[in-house]
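Any read-out appearing in this document is the output of simple, stated calculations on the displayed coordinates, not a laboratory observation. All figures in this text were calculated on a predicted structure; none of them were measured in a lab. FYI the Cβ positions are ideal-geometry reconstructions off the backbone, even for glycines, and counts take in every protein chain you see.
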């Protein structure tokens, strides 16, 4: 195993599975939503073996108004590896990945790892103003922390599934269980109370499918490179 590719949801990973199957050294892992689930899943996985590179992938909400639906964005680790013996910089598996991502059409950005889904334009603007981040997601900080403990290079590669000027049709935070997965009973009740939201939810489903395919395309080019 050379590369572990983490996704929070199976829907995010679906288009990538066929690509991963063509690369024996690539493993995909569904870690669940949020930092706690991500940390637990990655720690458990790494107990059975360590990859040379970890990618934390999936959807991200746009905070920068310039980012469009389907834009693939990434952030490289900030701290270079140092050899404990002589302090010289040591090349790591992530070296050259930035060049490959740029060539594949991805954009470098600053991410915010949040504890809740940013569901409104107002909330996204507030996060942008407070942090200067370009995109928001919920798992990468935890995955980066676990990898840093073990000296494994970790890179965030995400795709914009909803833009800065877009409200989500429902407050998905209010529909989540304690483990942050969607409570489908609550979702059904929310739809029953607001049937006018069905069209917007179907549109969101189309957007996320499109976004997942765009992310898979970029990851395929990077792996082939």
>> How tilted is helix 198-224 with respect to the longest principal axis of the chain? Cα atoms for both, answer in degrees (0 to 90, nearest 10).
In response: 10 degrees
>> Can you give me the angle between helix 10-21 and the longest principal axis of the chain, using Cα atoms only, in degrees from 0 to 90, rounded to the nearest 10?
In response: 40 degrees
> What whole number of Å gives the distance from the Cα centroid of the range 153-182 to the Cα centroid of the range 1-69?
Replying inline: 15 Å
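Please find the FRET efficiency linking residue 44 to residue 186, where r is the Cβ-Cβ separation and R0 is fixed at 22 Å, and quote it to the nearest 0.05.
Working: r = 28 Å, r/R0 = 1.28.
So, using R0 = 22 Å, E works out to roughly 0.20.
Could you sort the peptides 122-129, 66-73, 203-210 by per-residue average Cβ neighbour count (10 Å cutoff), highest mean leading?
On the way: 122-129: 16.2, 66-73: 18.5, 203-210: 14.4.
For the peptides 122-129, 66-73, 203-210, the packing ranking is 66-73, 122-129, 203-210.
For each of 154, 113, 57, count neighbouring Cβ atoms within 10 Å of the residue's Cβ, then give the residues from fewest to most.
Working: 154 24, 113 20, 57 29.
With the sparsest Cβ surroundings first, the list reads 113, 154, 57.
Could you compute Rg(Cα) / (2.2 N^0.38 Å) for the chain, with N its residue count?
Numbers: Rg = 17.7 Å, N = 225, 2.2 N^0.38 = 17.2 Å.
The chain yields a ratio of 1.03.
Could you line up 193, 43 from fewest to most neighbouring Cβ atoms inside 10 Å?
Working: 193 8, 43 14.
Ordered by Cβ neighbours within 10 Å, fewest first: 193, 43.
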> Over the chain, what is the percentage of antiparallel beta bridges among all DSSP beta bridges, to the nearest 5?
Replying inline: 25 percent
>> Using a 10 Å cut-off around each Cβ, can you sort 140, 41 from fewest to most neighbouring Cβ atoms?
In response: 41, 140
>> On C-alpha positions alone, give me the angle between the axis of helix 121-131 and the longest principal axis of the chain, in degrees, nearest 10.
In response: 30 degrees
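Work out, step by step, the length gained on full extension between residue 145 and residue 107: first 0.36 nm times the residue separation, then minus their alpha carbon distance; give nm to one decimal. Intermediate results must be reported in sequence, preceding the final value.
Values: separation 38, 0.36 × 38 = 13.68 nm, distance 2.28 nm.
Stretched out fully, the residue 145 to residue 107 stretch lengthens by 11.4 nm.
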> How much length is gained on full extension from residue 179 to residue 66, taking 0.36 nm per residue of separation minus their Cα-Cα distance?
Replying inline: 37.4 nm
